[in-house]
Amino acid sequence: MTFLKNLTVSLFSFLLFLSLTVFGLAFTVRSTALNPDFISDQLNRLEIAATVKDLVQVEPPPEIPDLNELINKTISDIEPKFKEQSGFAIHSVYAYLTGESRTPDLKSILRKTYLSSDFVTPLVNSIDVSPLAGPFISRQFAEAIPVKIANLEKYVTDALAESEPVIKQEVIAVSRPVFDYLLGESPTLRVSVSLGPAKENLTRILLNSPPPELAAIPRSMRQELSALIPSTYPLDESVIGQKVPANISQGIANAEDKLIQARKYVAMFQQYYTLLLVLIVALALGIILIIRNVKDIAHRLGIPLLTYGAMEYAGVWVTRYLISSGRMQFPEISPQLQTWLLQLIDSSLKPLETFSLTLLVAGAVLTVVSFVYKPKQDLKWS
């Protein structure tokens with residue numbers, strides 16, 4: 001070959017190597033960060049309840065010493081449903097980012113996931129109302145009467161426990177208008193949760209079949225205590241706050257603006273990804289058309305493929321070794337989260353590992369062919 005052809009082929013080979021290097025990173029990003037299935041899978045691997053238990057510990061009030069245990073139990077109960085709804089939300093957001101849907105419409109996504117009855121129902125059912133509300137109601141009763149009643153908290157908690165299924169159904173029933181108000185779809189909020197079953201149970205304990213501790217109290221005083229029990233718990237703007245819907249709407253609007261910007265970057269990435277793939281094919285075809293010799297073509301294409309594949313695969317192997325040997329550590333985070341993060345890094349390497357190994361094998365085959373191939377006649381292309 002002439003000097004100019006050699007120079008051109010060398011330049012194409014070098015550009016092919018650089019293009020493969022950039023494409024390998026782009027392929028990894030496209031297979032991980034821009035892949036909703038990958039994101040959902042990594043979320044499903046995260047043990048949310050155990051992570052929250054490690055990271056979040058609230059200071060329980062004296063009335064509820066086991067508050068953290070109740071919180072952890074609730075999170076553990078709803079974790080599967082939360083992950084299911086999160087998977088739908090992730091795919092919906094990515095559908096917009098990748099151009100499959102025209103608008104982000106986060107309100108609609110929220111209503112179909114975390115603010116839907118499918119999610120609220122198991123959430124409410126997983127919360128133990130009686131141990132949470134019992135101590136506070138008992139304290140209000142104790143402050144309202146001049147006589148100390150032994151085991152009052154137990155009686156109140158037992159009464160709430162009997163009424164809990166009905167109360168939960170009431171909460172689920174009013175969740176929709178509450179969400180309408182929170183999302184700004186309704187200007188006002190006027191709902192109430194019926195406490196009738198709980199009031200009936202407590203009244204029965206106080207008046208009709210009181211235990212010895214309560215029977216000693218005059219009936220008139222027990223009637224006054226019964227009258228303190230509300231029949232309903234009203235929910236209106238004053239309870240939730242009039243600024244909350246506006247803050248939520250502003251937060252959603254800001255998030256949608258960010259998604260609009262992100263969509264532009266994703267579209268740009270996809271365009272450059274396609275152009276890069278076309279460039280790689282064009283460089284390979286250029287080398288083939290210039291050389292026109294099977295042996296030299298195999299050599300010129302095999303070397304950059306083999307070099308890139310070997311270097312990238314070695315980098316993946318070293319990273320995997322650091323993870324498996326325990327040399328890669330993140331001591332500033334909890335062990336539970338650290339394990340998940342290392343698994344995330346390992347999973348993120350799989351697309352790059354597959355890509356580099358494929359090119360390594362292809363480059364090795366072409367390089368071997370360039371040495372062992374004995375052409376009977378060189379290609380003569382006009």
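The values are calculated or read from the model by the stated rules, or taken from the named source; none is laboratory data. Remember, predicted model here, so these are calculated numbers, not experimental data. Cβ coordinates were reconstructed from backbone atoms using ideal geometry, including for glycine residues, and neighbour counts include every protein chain displayed.
For this structure, a couple of remarks:
- Positions within the range 81-116 being more than 17 Å from the chain's Cα centre (by Cα), buried (at least 16 other Cβ atoms within 10 Å of the Cβ) and basic (K, R), in sequence order: K107
- Residues in the range 327-349 that are more than 17 Å from the chain's Cα centre (by Cα) and aromatic (F, W, Y): F330 alone.
- Residue check, A267 under 17 Å from A26 (Cβ atoms) and among the small types (G, A, S): yes
- Residue in the range 185-192 that is in the same structural domain as N125 (by TED's automatic domain parsing), among the acidic types (D, E) and either buried (at least 16 other Cβ atoms within 10 Å of the Cβ) or assigned to a helix (DSSP H, G or I) (or both) present: no
Rundown of residues vs (1) surrounded by fewer than 15 Cβ atoms within 10 Å (Cβ to Cβ); (2) under 30 Å from L289 (Cα atoms); (3) in the same structural domain as I287 (by TED's automatic domain parsing), yes/no style:
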| position | (1), (2), (3) |
| --- | --- |
| S13 | no, yes, yes |
| V52 | no, no, no |
| L55 | yes, no, no |
| D77 | no, no, no |
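- Within the set P65, P36, the sole residue that is free of Cβ contacts under 8 Å to residues at least 60 places away in the same chain and under 19 Å from S347 (Cα atoms) turns out to be P36.
- Among the residues here, A282 does not qualify as surrounded by fewer than 17 Cβ atoms within 10 Å (Cβ to Cβ), touching a residue at least 60 places away in the same chain (Cβ under 8 Å) and within 27 Å of R30 (Cβ to Cβ).
- Enumerated helices (runs of 4 or more DSSP H) restricted to the range 38-120, each holding at least 2 residues that are in contact with a Lys or Arg (Cβ under 8 Å, 6 or more places away or on another chain): 67-97
- In this entry, L46 passes the filter for residues that are among the hydrophobic types (A, V, I, L, M, F, W, C) and surrounded by 16 or more Cβ atoms within 10 Å (Cβ to Cβ).
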